[in-house]
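The values are calculated or read from the model by the stated rules, or taken from the named source; none is laboratory data. What you are looking at is a predicted structure, and each value in this text was computed from that prediction instead of being measured. Ideal geometry is used to build each Cβ from the backbone, glycine not excepted, and the neighbour counts take in all protein chains shown. Surface areas here come from the heavy atoms of the whole protein model, side chains and all, with no ligands, DNA or RNA. Shrake-Rupley method; radii C 1.70, N 1.55, O 1.52, S 1.80 Å.
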Amino acid sequence: MIYSMTGYGKSVLQLPTKKITIELKSLNSKNLDLNARMPSIYREKELAIRKILADKLERGKVDFSIYVEATAEDTSTQINTPVVKQYIAQLKNVVDGDDIDFLKMAVRFPDALNTVREEIDEDEWKTIEGEINTAINDLINHRLDEGKVLEQDFNNRVVSIENILEQVVAMDPERVEGVRERLLKGVQELREKYDENRFEQELVYYIEKFDITEEKVRLKNHLNYFIESINSKDSNGKKLGFISQEMGREINTIGSKSNYAPMQQLVVQMKDELEKIKEQLLNVL
């Protein structure tokens with residue numbers, strides 16, 4: 001089971017005087033990169049929110065937002081009546097005019113409005129915290145759905161590499177015989193006498209030097225381990241990345257040892273499939 005780092009979660013909470021919308025967006029990142037946006041009243045809870053997100057989301061570039069929309073008469077701003085009356089009285093001493101006009105001017109002056117700092121209601125916060133967890137679970141489910149798509153793609157590409165590897169195995173005797181014939185032809189073209197026994201000894205040494213049996217076995221093991229890791233309980237993109245590096249090392253060694261154009265073409269195909277796997281692994285949690 002693997003999870004993508006890409007996901008989206010949302011939860012909406014309707015309270016008596018306001019509607020609260022919680023949104024989470026996640027993209028791939030090597031570590032947890034968290035950006036939190038929320039009204040100032042909830043800032044004191046930011047550290048607690050970050051801890052919840054870090055524990056449940058682990059990795060990814062995460063945008064967390066709380067939006068508050070007032071749905072009833074609930075305001076923390078009040079008119080400072082004594083100050084406004086004093087402004088109006090002073091304006092009347094300066095010039096004659098209508099009280100309404102004086103009021104319009106007075107409320108624009110400093111200290112005409114008082115903003116009372118809101119305090120968090122702990123019972124309300126517990127409800128909000130529950131909705132935050134709902135949004136997180138929504139995002140995790142989205143990640144799981146995206147992970148299933150990635151898992152299918154990985155399985156297909158691993159099968160493709162396995163099929164190409166089987167072609168490499170089937171081609172190996174042909175390659176060895178081709179190398180033998182090429183060396184023998186080269187020696188015969190020298191038109192010099194040579195010791196056939198010595199030639200066979202050198203040929204065996206040469207072929208052993210370019211033997212790819214170990215690489216084929218190790219690559220097969222890495223492919224099996226990759227599938228086992230995908231099917232394990234935990235999603236570990238970094239572990240899969242390490243396995244893919246080992247796969248690449250064996251494929252590259254087969255290519256450098258093959259010394260046979262048809263086999264090198266198959267190696268290029270395996271490399272192409274592996275590069276696509278590595279590209280997709282950047283999205284795995």
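What does the helix-only formula give at 222 nm for the chain: each DSSP H stretch with n ≥ 4 adding -39500 (n - 2.57), the total divided by the residues, and the result rounded to the nearest 500 deg cm²/dmol? Calculated at 222 nm, the ellipticity per residue is -21500 deg cm²/dmol.
Peptides 1-8, 24-31, 266-273 ranked from most to least packed, by the mean per-residue count of other Cβ atoms within 10 Å: 1-8, 266-273, 24-31. Principal-axis analysis of the Cα atoms of the chain puts helix 196-209 at an angle of about 10° to the longest axis. When Cα Rg over 2.2 N^0.38 Å is calculated directly from the model, which label among [x] 1.88; [y] 1.10; [z] 1.03 fits? From the options [x] 1.88; [y] 1.10; [z] 1.03, the structure gives [x]. Using θ = phi - 60° in the Karplus curve 6.51 cos²θ - 1.76 cosθ + 1.60, the 3J(HN,Hα) couplings for the stretch 256-264 round to 6, 8, 4, 6, 8, 4, x, 6, 4 Hz; x is entered for Gly and Pro. Could you sort out which of Lys30/Lys271; Lys19/Lys51; Lys10/Lys126; Lys61/Lys148; Lys209/Lys239 sit more than 29 Å apart by Cα distance in this structure? Table pairs above 29 Å Cα-Cα are Lys209/Lys239.
Could you tell me what percent of the accessible area of the stretch 138-177 is made up of carbon and sulfur, with a 1.4 Å probe and every protein chain present? Carbon and sulfur atoms account for 49 percent of the accessible area of the stretch 138-177.
Ligands, DNA and RNA left out, the accessible area of the stretch 230-285 computed with a 1.4 Å probe is 47% carbon and sulfur. Angle, helix 46-57 long axis vs. longest principal axis of the chain, Cα atoms, 0 to 90°, nearest 10? Compared with the principal axis, the helix lies near 30 degrees.
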